[in-house]
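Down below is the structure, laid out as structure tokens.
The values are calculated or read from the model by the stated rules, or taken from the named source; none is laboratory data. Keep in mind that what you see is a predicted model, and the values were worked out from it rather than measured. For neighbour counting, all protein chains shown are included, and Cβ atoms are generated from backbone atoms with ideal geometry for every residue, glycine included.
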Amino acid sequence: TIKAVIFDLDGVLTDTAHYHFQAWQALAHELGISFTEQDNEQLKGVDRLGSLRWILQQAQRQLSPEEETRLMQQKNAHYLELIAHMSPADLFAGVQPLFTELRQHGIKIGLASASKNAAMVVERLGIANQFDYIADANDVVNSKPDPEVFLLAATGLGVATTHCIGVEDAVAGVEAINAAGMTAIGIGEPSVLNRAIKVYPSIQKLKLTDLLKL
Ligand code: G6P
Ligand code: MG
């Protein structure tokens, strides 16, 4: 039986995945490194430093810690500009009805995000107070695909991992959910998220009745 659903943020509850992509692409191009939407699939769910290093590695580049810090700050400043206008209108359709239904069934709602900006984004979306527990990049050492952030969310919710469902748009995120011993639902392309038990094109298509059947 399901006792909790733990959601990823970027790309699952709102379209910030696209803003992360835009900001990483701008940085990569400035460094003379190509970065496509397909490359970005590898970076979804990966933390800030891991993402920067992945991009640098494409060009066999390595930088000093100081230089890495500067570039991460630059990317984040650009990302913050891109999301400056975010409001409750940016919550993906279907999220609020799903949250309401989960609450009515006594199923807990958690967040497991690899982003250090997660708290601010859920605040902007107007849903911060609807989570029973929020785990984000500020609380963990190991980034997805490591299960740490999902395990922390389950502990915070007080629910055994076998009673948790995780919802993710990232390959690394689906791996993290599986590694945590939870059931993984994907949002996106079935061919990309092939380790998820079920994949929906958007969160709007994910219905509580489907979850209850798992
Ligand atoms: C999420 C996104 C990634 C992003 C990462 C770090 O996992 O899917 O695209 O790079 O968070 O976000 P941050 O806001 O901490 O730079
Ligand atoms: Mg995501």
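State all residues of the range 1-16 that are within 9 Å of ligand 1 (Cβ to nearest atom) and more than 18 Å from residue 149 (Cα to Cα); if no residue qualifies, say none.
Within the range 1-16, 16 is the sole residue that qualifies.
Which one is farthest from residue 145 (Cα to Cα) among residues in the range 42-69 that are within 16 Å of ligand 2 (Cβ to nearest atom) and touching an Asp or Glu at 6+ places or on another chain (Cβ under 9 Å)?
Filtering the range 42-69 for residues that are within 16 Å of ligand 2 (Cβ to nearest atom) and touching an Asp or Glu at 6+ places or on another chain (Cβ under 9 Å), the one farthest from residue 145 (Cα to Cα) comes out as 54.
Tell me, yes or no, whether the range 124-144 has at least one residue that is at pLDDT below 95, within 15 Å of ligand 2 (Cβ to nearest atom) and in contact with a helix residue (DSSP H, G or I) (Cβ under 7 Å, 6 or more places away or on another chain).
yes
Tally up the residues in the range 1-34 that are touching a helix residue (DSSP H, G or I) at 6+ places or on another chain (Cβ under 9 Å), over 20 Å from residue 117 (Cβ atoms) and not polar (S, T, N, Q), please.
So the count comes out to 7.
Which is closer than 25 Å to residue 201 by Cα, without any contact (Cβ under 8 Å) to a residue 40 or more places away in the chain and either more than 15 Å from ligand 1 (Cβ to nearest atom) or in contact with a Phe, Trp or Tyr (Cβ under 7 Å, 6 or more places away or on another chain) (or both), of 34, 51?
51
Taking into account only those residues within the range 15-53 that are part of a helix (DSSP H, G or I) and small (Gly, Ala, Ser), which is farthest from residue 85 (Cα to Cα)?
Here the residue is 50.
Going through the range 58-94 one residue at a time, which ones are within 15 Å of ligand 1 (Cβ to nearest atom) and either without any contact (Cβ under 8 Å) to a residue 40 or more places away in the chain or among the basic types (Lys, Arg) (or both)? Quick ask: steps written out before the conclusion?
First, the residues of the range 58-94 that are within 15 Å of ligand 1 (Cβ to nearest atom): 68-84, 86, 92.
Within the range 58-94, 68, 69, 70, 72, 73, 75, 77, 80, 81, 84 qualify.
State all residues of the range 125-170 that are closer than 19 Å to residue 51 by Cβ and in contact with an Asp or Glu (Cβ under 8 Å, 6 or more places away or on another chain); if no residue qualifies, say none.
137, 140, 141, 142, 143, 144, 145, 149, 168, 169, 170
I'd like the full set of residues that are crowded, with 21+ Cβ neighbours inside 10 Å, in contact (Cβ under 8 Å) with a residue 24 or more places away in the chain and within 14 Å of ligand 2 (Cβ to nearest atom), limited to the range 180-206.
Selection gives 185, 187, 188, 193, 196, 203.
For the range 153-179, name all the residues that are buried (at least 24 other Cβ atoms within 10 Å of the Cβ) and within 18 Å of residue 107 (Cβ to Cβ).
Across the range 153-179, the qualifying residues are 153, 154, 164, 166, 167, 168, 177.
So how many residues does the range 1-21 have that are at pLDDT 95 or above and more than 16 Å from the chain's Cα centre (by Cα)?
3
Just name the residue that is nearest to ligand 1 (Cβ to nearest atom) out of those in the range 136-161 that are among the aliphatic types (A, V, I, L, M) and touching a residue at least 60 places away in the same chain (Cβ under 8 Å).
Ranking the qualifying residues of the range 136-161, first place goes to 137.
Are any of the residues in the range 74-87 more than 23 Å from residue 138 (Cα to Cα), modelled with pLDDT under 95 and not aliphatic (A, V, I, L, M)?
The answer is yes, given that some residue of the range 74-87 is more than 23 Å from residue 138 (Cα to Cα), modelled with pLDDT under 95 and not aliphatic (A, V, I, L, M).
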